[in-house]
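What follows is a set of notes on a single structure, which appears directly below.
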Amino acid sequence: MNTSQEPIIIIGAGVAGLTAARELKKMGKRVLVLEARDRLGGRIFSQEIKHECYDLGASWIHGIENNPIWNIVQHNQIQTTVFNYDQSIYYQGKQQPFNSEEKLIFETSLDYLLNRFKEIDPHEHYPHALAALQLWMNEEEFLLYINTQFDLDEQAVIKLKKMLFDFFNLLAEDPCASDLAHLSAEFWKNEGYYPGDEVIFPQGYIQVIEFLSRNITVLTNKVVQQIDYTQDTIQIFTENAECFCASQVIVTVPLGVLKKQRLQFFPDLSQEKKQVINHLGFGTFNKLFVSFDQNFWKSAQYDQSKNIYIHNQHGWLNFLDVSELYHQPTLLFLFGGASATWLEDTSCEEVWHNIKVSLALIFDEIPQPIQIFKTEWGKDQFSEGSFSYHSVGQTSDQIEILKQPIQNKVFFAGEHLASFGAGTVHGAYHSGLEVSEAIQKYTK
């Protein structure tokens, strides 16, 4: 059979897969996308609940300056709302938030340590982010910096260091979906966000998917189980014993699916590729939406602040005020890593009880929620988690190994393979562009 008569098949109708399909179609290629779910978008999932559109997966465009996702939004006149993290309120077990001096001390010290991570010397070797943080926080240089900037006594320094350490534990969970012991010390250096405002979608991120999928042939409910590339024509088998023939195949399933070996390859993947799949970081990140009939957390003094942190003996609790987005008093709690798994394994009622204990340290009267629901991406068989993170010992060479085509027939793409913005929508988009260029190169 002449394989040129067969289409290029893309497995997965997420951002990477649809971007690749769109680009290949522009090149004059025949393309077919197979999607396991009954919907498009993958880890972009906008769902209408009580006449409001909730993004249960990706929510943000992380920086709009030169961001290709922002270009799509502008081209299609998609409505967005600016939602930055720059106006934060911090509470420490009391009803009043940090005063201006306390906030300055905390954020200045935090910026110092974040810059250490961002500017880390590649020749410095740390077992993980936890080891680097512990070393830097106990160095004479850090203590000298604090004492030069601020007049703090010994107890105040101890208290500050505890809050900073706990805050980095929170950062490891959000936005990294991991913990400090499993993160590379270069995790912040490789953050991969664009500059500029961060924005969200009142009518859902799905609008970007609708644009990317326009005029693309996508078959849903096609759960691919096997890819046989032993012959010139690739055969792709689904769980319903359907067989699709392809000239080339692009695998864009989430890294979590590859880790679980839900796709079988014939011949099998090389040991080198398997080792990379196992080594790359991939975590779970979940959301808890809680709505009320009143904004009990609001005050006239802090009415504009949407990002709220509470510190207690267990660490930091962070939540976002998304009331304007959903036209009712609503808080969004974000859980990553182990806490995301805990959220999945715990009832909404018990989760709320735990959260309420922390909120009661700050707020006097906390009403019962009128609506509460959560996401469970770790239990989703078609994602097996949420997004990738920079794991201990991970290198760009490993990413290149996984991206390398197999016999110019089997290609890989996805946010986990992005050289910039891994773990983001724009990272997935870049990977889709890159794999389409690779196919064009190998088929000339």
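The values are calculated or read from the model by the stated rules, or taken from the named source; none is laboratory data. Keep in mind the model is a prediction, meaning the values are calculated, not measured. Here Cβ is always computed from backbone atoms with ideal geometry, including for glycine, and neighbour counts include all displayed protein chains.
Would you point out which residue out of K159, K189 is in a loop (DSSP other than H, G, I, E, B) and among the basic types (K, R)?
Unique residue meeting the criteria: K189.
Condition first: surrounded by fewer than 24 Cβ atoms within 10 Å (Cβ to Cβ) and charged (D, E, K, R). Now tell me which residues in the stretch 381-416 satisfy that.
Within the stretch 381-416, E384, D397, E400, K403, K409 qualify.
Within the stretch 317-331, is there a residue that is touching a Lys or Arg at 6+ places or on another chain (Cβ under 9 Å), of a type in the set (V, I, T) and under 18 Å from Q96 (Cβ atoms)?
Taking every residue of the stretch 317-331 in turn, none turns out to be touching a Lys or Arg at 6+ places or on another chain (Cβ under 9 Å), of a type in the set (V, I, T) and under 18 Å from Q96 (Cβ atoms).
Mind checking whether some residue in the stretch 84-101 is hydroxyl-bearing (S, T, Y) and farther than 28 Å from Q313 by Cα?
Checking the stretch 84-101: not a single residue is hydroxyl-bearing (S, T, Y) and farther than 28 Å from Q313 by Cα.
Of all residues in the stretch 311-329, which are over 16 Å from I366 (Cβ atoms) and either part of a strand (DSSP E or B) or touching a His at 6+ places or on another chain (Cβ under 7 Å) (or both)?
H311, G315, W316, N318, L320
Of all residues in the stretch 53-71, which are touching a helix residue (DSSP H, G or I) at 6+ places or on another chain (Cβ under 9 Å), surrounded by fewer than 19 Cβ atoms within 10 Å (Cβ to Cβ) and farther than 24 Å from K379 by Cβ?
Within the stretch 53-71, P68 is the sole residue that qualifies.
Taking A181 as the residue in question, decide whether it is at pLDDT 95 or above, touching a His at 6+ places or on another chain (Cβ under 9 Å) and surrounded by fewer than 16 Cβ atoms within 10 Å (Cβ to Cβ).
So A181 passes the test.
Which of the residues that make up the stretch 256-281 are under 22 Å from V223 (Cα atoms) and either of a type in the set (G, A, S) or touching a Gly at 6+ places or on another chain (Cβ under 7 Å) (or both)?
G256
Is it the case that P127 is under 24 Å from P175 (Cα atoms), of a type outside the set (F, W, Y) and either at pLDDT 90 or above or within 26 Å of the chain's Cα centre (by Cα) (or both)?
Here the answer is yes, as P127 does meet what is asked.
Name the residue that is modelled with the lowest pLDDT, counting only residues in the stretch 374-401 that are among the β-branched types (V, I, T) and more than 25 Å from V351 (Cα to Cα).
Out of the qualifying residues, it is T395.
Could you grab the pairs with beta carbons closer than 8 Å, sequence gap of 6+ or different chains, first residue in the stretch 257-271 and without any contact (Cβ under 8 Å) to a residue 60 or more places away in the chain, second one charged (D, E, K, R) and surrounded by 13 or more Cβ atoms within 10 Å (Cβ to Cβ)?
Matching pairs, first to second residue: F266/D228.
Hey, A438 hits all of (1) touching a residue at least 40 places away in the same chain (Cβ under 8 Å); (2) within 27 Å of I250 (Cβ to Cβ); (3) among the hydrophobic types (A, V, I, L, M, F, W, C) but one; which does it fall short on?
(1)
Within the set of pairs 6+ apart or on separate chains, which have a first residue in the stretch 223-244 that is within 25 Å of D380 (Cα to Cα), a second that is in a loop (DSSP other than H, G, I, E, B) and β-branched (V, I, T), and C-beta atoms under 6 Å apart?
If the second residue must be in a loop (DSSP other than H, G, I, E, B) and β-branched (V, I, T), the pairs left are T238/V223; E239/V223.
When the stretch 302-333 is examined, which residues are found to be in contact (Cβ under 8 Å) with a residue 60 or more places away in the chain and surrounded by fewer than 16 Cβ atoms within 10 Å (Cβ to Cβ)?
Within the stretch 302-333, Y302, Q304, N312, E324, H327 qualify.
Would you mind telling me which numbered condition in (1) modelled with pLDDT of 90 or more; (2) closer than 24 Å to D197 by Cβ; (3) of a type in the set (S, T, Y) Y85 fails?
Against the list (1) modelled with pLDDT of 90 or more; (2) closer than 24 Å to D197 by Cβ; (3) of a type in the set (S, T, Y), Y85 comes up short only on (1).
Restricting to the stretch 184-204, count the residues that are farther than 18 Å from V425 by Cα and either out of contact with any strand residue (DSSP E or B) (no Cβ under 8 Å at 6 or more places or on another chain) or surrounded by fewer than 20 Cβ atoms within 10 Å (Cβ to Cβ) (or both).
3
Taking the criterion of being of a type in the set (F, W, Y), surrounded by 14 or more Cβ atoms within 10 Å (Cβ to Cβ) and more than 23 Å from the chain's Cα centre (by Cα), would at least one residue in the stretch 114-124 satisfy it?
No, the stretch 114-124 contains no residue that is of a type in the set (F, W, Y), surrounded by 14 or more Cβ atoms within 10 Å (Cβ to Cβ) and more than 23 Å from the chain's Cα centre (by Cα).
Within the stretch 290-348, track down each residue that is polar (S, T, N, Q), at pLDDT 95 or above and in contact with a Gly (Cβ under 9 Å, 6 or more places away or on another chain).
The answer is T341, and nothing else.
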